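The values are calculated or read from the model by the stated rules, or taken from the named source; none is laboratory data. Quick caveat: nothing in here was measured; it's all calculated off a predicted structure. Ideal geometry is used to build each Cβ from the backbone, glycine not excepted, and the neighbour counts take in all protein chains shown. Surface areas here come from the heavy atoms of the whole protein model, side chains and all, with no ligands, DNA or RNA. Shrake-Rupley method; radii C 1.70, N 1.55, O 1.52, S 1.80 Å.
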Amino acid sequence: MNAHESITNENIQSLKKLFSDLYEPNLVQAIQQKGHLLRIHAGESLIQIGQYIKYMPLILSGSLKIMREDDDGKELLIYHVDPGETCAMSITCCMGDTKSNVRAEAEEDTTLIAIPIHLLDQWSSEYVSWKHFIMRTYQKRFEDLLKTIDSIAFQKLDDRLLQLLKEKSLKSPEQVITATHQEIANELHSSREVISRLLKKLENEGTVKLGRNKIQWLS
């Protein structure tokens with residue numbers, strides 16, 4: 001993870017495009033003055049379970065995956081945080097001054113603006129667009145959580161795998177997914193052996209092409 005950088009005018013233009021609902025000029029100026037630019041390499045963790053969160057991320061590029069872990073260290077994907085979004089879990093921990101109960105990891109090289117936690121309440125009082133942005137983030141993440149619960153409770157594993165591969169393939173122009181079978185198994189809360197068997201079945205059906213730590217989406 002690179003050290004914090006100053007936010008440039010180019011970063012602000014990206015912010016305005018991706019976070020168009022943060023429209024107040026004084027708010028945008030405050031973000032540039034008080035925030036920091038942070039770059040995270042793929043596979044690096046931004047937030048660890050049990051860690052106090054010091055800032056809220058505004059994603060400019062890349063993607064974070066928010067994970068839960070059980071007592072055996074198995075992971076479950078809760079949702080992704082993509083450009084133009086932030087993490088509701090980090091907001092909750094920031095505003096409650098509690099330790100994180102999730103892990104945030106960069107799925108690909110990611111650039112974000114880090115907002116110090118002490119500003120969240122202050123900005124909610126000062127800027128209407130910031131307050132509404134926080135509320136919409138909670139609503140969207142609640143819907144994401146419901147989708148995750150529904151998929152685990154009602155969808156078959158092979159359908160969940162297909163959906164995950166399709167979503168990941170859309171993030172690459174070549175529709176290539178860079179991930180190990182174990183990483184996919186962790187996201188779906190399954191075992192590597194089961195996922196490998198299902199992936200081989202999909203390859204035989206012509207849906208994907210398997211490589212070393214790579215999966216080509218063909219469908």
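Return the FRET efficiency for the residue pair Val176, Ser124: r is the Cβ-Cβ distance, R0 is 35 Å, and the value is rounded to the nearest 0.05. For Val176 and Ser124, the calculated efficiency is 0.30.
Using every pair of distinct Cα positions in the chain, the Kirkwood expression returns a hydrodynamic radius of 18.5 angstrom.
Each of Arg136 and Thr8 was given a label point 7 Å from its Cα along the Cα-to-Cβ line. The distance between the two points is 2.7 nm.
For the chain, find the longest principal axis of its Cα atoms and tell me its angle to the long axis of helix 192-204, 0 to 90°, nearest 10. Relative to the chain, helix 192-204 is tipped by roughly 70 degrees. Full extension of the segment from Gln29 to Leu157, taken as 0.36 nm per residue of separation minus the current Cα-Cα distance, would add 41.4 nm.
The angle between the Cα long axis of helix 25-34 and the longest principal axis of the Cα atoms of the chain comes to about 80 degrees, rounded to the nearest 10. Solvent-accessible surface of the chain, averaged per residue with a 1.4 angstrom probe and all protein chains in place: 54 square angstrom.
Per residue, the chain reaches -14000 deg cm²/dmol at 222 nm when only DSSP H runs of four or more residues are counted, each adding -39500 (n - 2.57). Pairing the Cα long axis of helix 157-169 with the longest principal axis of the chain, what angle in degrees results, from 0 to 90 and rounded to the nearest 10? Roughly 50 degrees between the two axes. Each residue, Lys147 and Ile49, gets one label point 7 Å from its Cα in the Cβ direction; the gap between the two is 2.4 nm.
Between His189 and Asp72, the simple spin-label model (points 7 angstrom out along Cα→Cβ) gives 1.3 nm.
With all protein chains in place and a 1.4 Å probe, the accessible surface of the chain carries 49 percent carbon and sulfur.
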